[in-house]
Structures are given as structure tokens and as C-alpha cells.
Amino acid sequence: MRQPSLGDLQHAIMSVLWHRREATTSEVHEALLPGRGLALTTIATMLRKMEDKGVVAHRSQGRQFVYRPTVTRTQVRQSMVGDLVERLFGGDPRALVAHLVSEHEIEADELDDLRRRVGGDDEAEGKK
């Protein structure tokens with residue numbers, strides 16, 4: 001299967017499914033209605049498209065389809081971040097980080113935390 005890449009609405013639908021593990025079209029619609037105001041038919045159409053894409057599957061429960069995710073948050077995140085890095089930063093993840101730092105999208109304390117996570121801060125590790 002091709003790596004999953006999702007649009008905004010698709011990602012919102014997946015968030016509902018990841019949270020609930022499975023849901024009917026109506027349940028997804030109810031969860032998204034306050035913030036998006038979309039028609040039930042829009043959600044149904046999108047779920048069918050997402051099933052064609054291979055990111056959800058369904059089972060029948062009476063006259064309703066119950067959808068479940070077939071990809072994990074991690075798979076989607078990896079795919080979408082990889083696509084972002086490839087398209088906007090020429091495949092160089094360091095360019096993405098440099099952009100986040102130069103545009104002040106990352107605060108100093110967050111940067112320190114990132115250094116510790118990747119093992120690049122000897123002082124934080126007590127090795128100085």
C-alpha cells in the first residue's frame with residue numbers, strides 16, 4: 001500500500017476513528033459537526049473515498065457501515081512529514097528544523113528538549 005497522505009477533512013475523520021477505534025458515518029458526522037458543519041452525505045462520501053484509498057475499512061452492522069482505521073497515527077505522521085520535507089525542503093529534514101527555528105516556531109526551551117531527545121546536548125546528559 002502507498003504511504004497514506006491525508007487532507008484536512010480526512011485527517012479530522014481519522015482522528016475520530018483513532019479515538020473511538022470504530023464509528024458509523026453518523027457518529028463521525030456528530031463528532032465533526034460542531035467544528036465543521038458538514039452534511040452527513042459529505043462525511044459518507046469522504047469515508048468511501050478513504051476506503052478506496054485503503055486508510056479505512058468497514059463492516060456492516062444492520063443497515064449501517066461501521067468504519068475503522070487501517071493505518072496508525074504514526075504511519076500517517078511519518079508519511080505526511082516525509083512528504084512535507086520532500087516537497088518543501090528538498091528532502092532535507094535539517095532544512096525543516098532550520099526553518100522552524102528561524103521563524104521562531106520553536107521556543108528556546110523546546111529546542112533544548114529536542115537536543116536532549118536526539119542526544120546532542122552533552123550538558124543535559126551530564127557529560128560536560
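Across the stretch 59-72, the number of residues qualifying as open to solvent by 70 Å² or more (accessible area, probe 1.4 Å) and either in contact with a Leu (Cβ under 8 Å, 6 or more places away or on another chain) or assigned to a strand (DSSP E or B) (or both) comes to 6.
Can you find a residue in the stretch 83-98 that is open to solvent by less than 50 Å² (accessible area, probe 1.4 Å) and touching an Asp or Glu at 6+ places or on another chain (Cβ under 8 Å)? Looking for residues that are open to solvent by less than 50 Å² (accessible area, probe 1.4 Å) and touching an Asp or Glu at 6+ places or on another chain (Cβ under 8 Å), one finds at least one in the stretch 83-98, hence yes. The single condition among (1) assigned to a helix (DSSP H, G or I); (2) open to solvent by less than 30 Å² (accessible area, probe 1.4 Å) that HIS11 does not satisfy is (2).
Under the condition of being more than 23 Å from LYS53 (Cβ to Cβ) and either in a helix (DSSP H, G or I) or in contact with a Leu (Cβ under 6 Å, 6 or more places away or on another chain) (or both), the residues counted in the stretch 73-109 number 14.
Looking across the stretch 1-55, the residues that are acidic (Asp, Glu) and either touching a Cys at 6+ places or on another chain (Cβ under 9 Å) or under 15 Å from ARG73 (Cα atoms) (or both) come down to ASP8, GLU22. Among the residues making up the stretch 26-51, those that are more than 18 Å from the chain's Cα centre (by Cα) and either under 11 Å from ARG68 (Cα atoms) or open to solvent by 90 Å² or more (accessible area, probe 1.4 Å) (or both) are GLU30, PRO34, THR41, ARG48.
Taking the conditions (1) open to solvent by 50 Å² or more (accessible area, probe 1.4 Å); (2) in contact (Cβ under 8 Å) with a residue 40 or more places away in the chain in turn, LEU6 satisfies each one other than (1).
For VAL76, the conditions (1) loosely packed, with under 12 Cβ neighbours inside 10 Å; (2) under 25 Å from ILE106 (Cβ atoms) all hold with the exception of (1). Number of residues in the stretch 14-25 that are in contact (Cβ under 8 Å) with a residue 60 or more places away in the chain and open to solvent by 20 Å² or more (accessible area, probe 1.4 Å): the value is 0.
The values are calculated or read from the model by the stated rules, or taken from the named source; none is laboratory data. Here the structure is a predicted model, which is why all the values come from computation and not from measurement. We place every Cβ from the backbone using ideal geometry, glycine too, and count neighbours over all the protein chains shown. Note: areas computed on protein heavy atoms with side chains; ligands, DNA, RNA excluded. Shrake-Rupley method; radii C 1.70, N 1.55, O 1.52, S 1.80 Å.
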